[in-house]
Structures are given as structure tokens and as C-alpha cells.
Amino acid sequence: MPPTSPLTPTLPGAKQPAGASPNQARRLLRHLLHKRSAQIGGGIFLLLVFLAFFGPLVTPYDPFEIHVAQRLQPPSLQHIFGTDEQGRDLFSRIIFGARYALEIMLVTTTIGAAGGLLFGLPSAYFGGTADMLVMRLMDIMLGFPYILLILAIVAILGPSLDNAMIAIGVAGIPSFARLARSAILVVKEQDFVTAERALGASHNRIMFRSILPNILSPIIVYISLSMPTAVLAAAALSFVGLGAQPPLPEWGAMLVNARDFIVTAPWVVLAPGLTIFVITLGINLFGNALRDVLDPRDTTGLQGGKVSGAIGKPQ
């Protein structure tokens, strides 16, 4: 399931499209770092990023190398997480798989956010028939259960990790589009937008220089909440054979290969399963903390003790 409660932004004070001031940004970051959930979640995410970039340099074994004589070895000092059904070191495969998890998060949320803004921004700005048609299309897509829509797209494109990421990203477009639209409908009625229209500013300038910076806060928060959903969806697709294909050390695909050994060698299932759990939990914690900091109803943060709900809050 996608995040169930897209943030409905409250942007009553949006004024300038120039973004938050350095002082505001520092206060926001300071407030965010004081939250325990942000510290834990951010630490887990930074660890994921480190392993994604430098994992191949720290893996003790080749994650693809097969050693039949060492198959299904339990955790030990030699193999911290044990070995799988083909004798491959699970710890090395988990570390190497971090790059695929990070790629899944970045690609799917980029597709979802970019597609959502592409549909939601002009739809809400111009309104009328175009808005009605775009939103009916988004409603049709949202009418399908999230995972069934992904399965349908993958069935058309074919089973692979790349196609799975495309499918997850496309399935996320309607939620991003509706979120962007709800934010834009508020911002476009603000005085600074009316003033720019009166001065003859082009539609493109108003949309991309004035409105877009003022709706980035809820979009960024929703991206952070969508990332763990994307990892779980990719794992589910791999589990049914429509995502990453062997011998790729993607965590969901590792669960597929391990399901036959859940009783005889439970560590083969626990290693990727717990890794997925920890990563999704960490990013959710950080996303929740970020949402709290950017919530305009929060009583500590930007704006002299209050966190701004829009990047362009009056200074």
C-alpha cells in the first residue's frame, strides 16, 4: 500500500518564491536533529547510502561467488549472517544489495514526484476542463489497488528490476499529483501570485518560479514517506518472480530463494527480512520527524519559534 495519508499542506502565508532563508534552514535543521526519531532514521539512511556507494569495498566475500561445499552454514565468525543455499556469504550479499535498495527509492520517487508535478501543476494552475480530465485519470488509477496496478504494469513491461521500478514509480504518480494539486490550489490564490499576473509575468514563470518553490515542503515529506513503500513493493514483486532476477542480491529476491529453507536454515530468511524491516522503519522514522518539523501547526522551529509549512513563508 502507498502511504495512506498524503499530507494536505497548509500554506496560508506563502509569499516569496525564493525559498527559505539560510537562517530558517539552519533553524529547521537544528530542530530536526533534536528529534530522536530523526537521529535514528537519518543514521539508518546514511548507513544505507554509505553501503550503496562503498559496499563493494567492505564486503568480506564476493557476493556472487558460489561455494557448494559451504551451503547453508549457520552464522559464525567466518560468515556473520551465515551462507545461503549456494554457499554465498549472506553478509556480503546484504551489503551489496544496499545499492539496489537505494536505487529503488530514488528512481521510483523521482518518477512519482516528477509525474505528479507534471500532471498536478498545470492542472491546478489552469483549472477548467484540463483539470477535470487530469483528475479523472488520476482517480481511475487510484481506483486500482496499489499492488494490482503495479502487477499490471510489470506484466506489460516484463519481469525485471528496472521494469519493477518503473511500475512502482508510475503507480505513485496519482498520489503525488493530488498532493501537488491541493497545495497549488491554495498557493495560486495568494497575493504575490495575483501581483505577478497583474505585472504580466508568464504562466511558466509563475508556475515554476513562484508556485513550485512554495509547495516543495509537502512534496519532500511525501517523498520520504514513499521511499520505504517502494522498497516493500519491490521486495513483493521479487518475491513473486516479477522483480529482480537471480543471482542479483536484491533483498526481495533473496527472500524468494530462501523461502524453501525457512525451517531448516531460518537465518537465510531472517537476514534479508530483518534488513528490509530496519531500513523501512528508519526511513519512516525520519519521514515522520520531517513531517512534524515542516508542519505549520508545530510550535517549535522556524519563524521565530514556529515551523513554516511553506518554503516561501514571510520572513
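What the table below lists for this structure:
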| quantity | calculated |
| --- | --- |
| Amide H contacts under 5 Å for Q86, placed H, 5+ residues apart | L72 |
| The stretch 127-272, relative contact order [Cα under 8 Å, separation at least 6], % | 23 |
| Farthest toward positive dipole pole in the chain [+1 Lys/Arg, -1 Asp/Glu at C-beta], among F54, I206, S37 | I206 |
| Length released on extending from H34 to R205, taking residue separation times 0.36 nm less the Cα-Cα span | 57.9 nm |
| Cα centroid separation, the stretch 165-239 to the stretch 78-102 (Å) | 37 |
| Charged-residue dipole, Cβ positions (Lys, Arg, Asp, Glu), the chain about Cα centre, Debye nearest 20 | 1160 |
| Cβ-Cβ FRET estimate between D191 and E103, R0 fixed at 35 Å, reported to 0.05 | 0.25 |
| F53/D139 FRET efficiency (R0 45 Å; Cβ-Cβ; nearest 0.05) | 0.65 |
| Length-normalised contact order of the chain in % [C-alpha pairs under 8 Å, at least 6 apart] | 31 |
| Per-pair calculated FRET efficiency, R0 = 45 Å: D260 and A130 via Cβ, rounded to 0.05 | 0.30 |
| Choice from I215, I283, I156 with maximal GNM fluctuation in the chain (Cα, 10 Å cutoff) | I156 |
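Bear in mind that the values in this text are calculations on the coordinates, not laboratory data. Only a predicted model underlies this, so the values are computations on that prediction, with no experimental measurement involved. Using ideal geometry, Cβ is built from the backbone for each residue, glycine included, and neighbour counts are taken over all protein chains shown.
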